[in-house]
Every structure is written in structure tokens, then in C-alpha cells.
1. Need the C-alpha centroid separation for the range 227-253 versus the range 71-106, integer Å.
2. Grab the other residues whose beta carbon is less than 15 angstrom from that of R84, score K and R as +1, D and E as -1, and report the net.
3. I'd like the distance separating the alpha-carbon centroids of the range 173-210 and the range 29-44, in whole Å.
4. Using Cβ counts within 10 Å as a stand-in for footprinting exposure, how do F117, F105 rank, fewest first?
5. Roughly how many debye, to the nearest 20, is the charge dipole of the chain about its Cα centre, given +1 on each Lys and Arg Cβ, -1 on each Asp and Glu Cβ, and no other charges?
6. Please rank R222, R153, fewest neighbouring Cβ atoms within 10 Å first, as an exposure proxy.
7. Among A57, G150, A47, whose Cα lies farthest out toward the positive end of the dipole of the chain, if unit charges sit on the beta carbon of Lys, Arg (+1) and Asp, Glu (-1)?
8. Give the residue from A228, I97, M172 lying farthest towards the positive end of the charge dipole for the chain; charges sit on Cβ (+1 for Lys and Arg, -1 for Asp and Glu) and the dipole is referred to the Cα centre.
Amino acid sequence: MAVELTREGPFGLITLNRPEALNALSFEILQELREALDEAAHWGIRALLITGAGAKAFCAGADIKELQNRSLAEQRAGLEAGQRTFARLDGFPVPSIAAINGYAFGGGLELAMACTFRVASAQAKLGLPEVKLGLMPGYGGTQRLPRLVGQARALELVLTGRTLLAPEALAMGLVNQVVEGDALAAALALAEQFSGHSLAAMGFARQAVERALGSHLADGLRSEADLASLAFQTEDANEGMAAFVGKRAPHFKDC
Ligand code: CO8
């Protein structure tokens, strides 16, 4: 299998394991990724981490060799399958973290952008180089990149196809952290920071933040009030507030 799903304590870890092709996303790998996401959704994990095998690449993008000489209908079906896969990751029930060592190009960066967080090693290189192939991003890059870095920067990156070094990616908000050494170790440390929190509370909070970008302020505030009201109804809210008042650690049940 080129996609491995393993446990790292309370977390799930998906590893793209095709280092001879810099973990490029063949259609078979996309299918395996969908299956791994389906399986991991039932594991009761507190976070999902995604990385690439080897230090050279997180993922060098869609498998260019597979994309040649296909009909319009085949390309459309491939694009939709990729978008569906990344949408499943985007909506995954627990937060996800891309641990980026090495290259994250094209579909590889689109995969990382579908995660809740991105942690990169200082040597990571990121970009959407599709335009250099006479193509354009098609696995969500034109939609998720502007949401992360703003329209002007997204247009610049998509139209030049240039490579970003990790510090610049951090400065523009494309990645959450840049670390010396292994990005996976840092991603695990980030997951530890929220793994004890109520999944229910985090789920409501994620929905509220995600609605911010597509809404007028007044609508977004109404959504926030709706979701926060629901959060108050959970057992975890009672437990969290009682624990504070009782000067003890909370024991959340995720409901
Ligand atoms: N697809 C297929 N094979 C790849 C890919 C890729 N994206 N990237 C690297 N490989 C292969 C190489 O062909 C090579 O294999 P081989 O040894 O058999 O020739 C092996 O991996 C190692 O690669 P390099 O020798 O090129 O390694 P370098 O260190 O010299 O260069 C780079 C590394 C800079 C990352 C270089 O490999 C590169 O530029 N790769 C392509 C990056 C790219 O353009 N990615 C975007 C792809 S398009 C895309 O993602 C669109 C998504 C949406 C479209 C979906 C349509 C259905």
C-alpha cells in the first residue's frame, strides 16, 4: 500500500509512501487516501496527522505521468475525485495537521491546505507550479489558498508558480509553524496541545471560524451565537466550568 494508516498514541497518522516518485498523488493513492480517511474516522483518535515518507518530499503533486492523454470527461472525473477526497479531509471530525518535510507542490500543497494546520520543516519548499505545466490548480488550490493568504498573494503564487521557502510561507500565514528538524515531531507536539480538549467544543469552534470567510459580519456573528449556544448545552461545558470552579482538571467526554 502506498498510503499507510497507523496509530501514534491518541492520534492517527497517514503516511504517503511512494518516495521514488516523491509521494506523487496517483489516482490509486487518492483512492487509498479516501479509504484511510474513512477508516481513521472510526478510530476514536484525537487528531489526524498526514506526512510523506522520506525527508525529500511531503508530496510533489498529482502524478504528472498519469495526467497525459486523457479525455475531458476523464480529467473532470479525476479533478472531482481529488476535490472530494480533500473535502473529506477538510471536514474530518477531528483536527488534522500536515507535517511537511521537503517538497509540497501542486496537489501536495492542496492536500496540506485541506488540513486544519500545517507544520513545515525549515527546509520545506512549497508552491503551486501547475501553470508551468500549462495547467492550473484543480484540487482546491485556487479556493483554499486565497482563504489562507489573501487574494493578491494567491494570484501571485498561482500565476508565477514560484517556489516558497518555509520562512516566507510562515510569514504569509500559509503554514502555522516552521521548525528545525522533523516536521512530524512538531506536528505531534502541536496535536498534544489540543488533544485533551472537548471534541464537541472544538467542532463547534471550527465551524464558526470556517463560516467567517463566507459570511457578512452580522451573519457570521449570528452563526457564532448559534454554535456557542449549542456548545453551552454539552456535558463538556458543564464539566469544564465545574472543573474550573472546583480547581481541578476537567474530564471531557466529547458530548
Ligand atoms: N508526478 C510524477 N512523478 C513525479 C512528480 C510528479 N508530480 N514529481 C516527481 N516525480 C518523479 C520524477 O519523475 C522522478 O522519477 P524518475 O526518477 O522515474 O524520473 C522522481 O520523482 C524524482 O524526481 P526528480 O528527479 O525530478 O527530483 P528532483 O529533486 O530533481 O526535483 C522536484 C524535485 C523539483 C519536486 C521535481 O520532481 C518536480 O518539479 N516535480 C513536479 C512538481 C509539480 O509540477 N507538481 C505539480 C503537479 S500538477 C498538480 O499537482 C495538479 C493537481 C490537480 C490536477 C488534477 C487533474 C486530474
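1. 35 Å
2. Numbers: positive: R34, R76, R88, R144; negative: E32, E35, D38, E80, D90, E110.
Value of the local net charge: -2.
3. The range 173-210 and the range 29-44 have Cα centres separated by 20 Å.
4. Values: F117 19, F105 24.
Final ranking by Cβ density, sparse to dense: F117, F105.
5. Numbers: 23 positive and 28 negative charges, 93 e Å.
With Lys and Arg at +1 and Asp and Glu at -1, about 440 debye.
6. Numbers: R222 13, R153 16.
Ranking R222, R153 by Cβ neighbours within 10 Å, fewest first, gives R222, R153.
7. Sorting the options by dipole projection puts first G150.
8. It is M172, whose Cα lies furthest towards the positive end.
All of the numbers you see were taken from the coordinates with simple rules; none came from a lab. Note that the structure is predicted; figures quoted are calculated from it, not measured. Here Cβ is always computed from backbone atoms with ideal geometry, including for glycine, and neighbour counts include all displayed protein chains.
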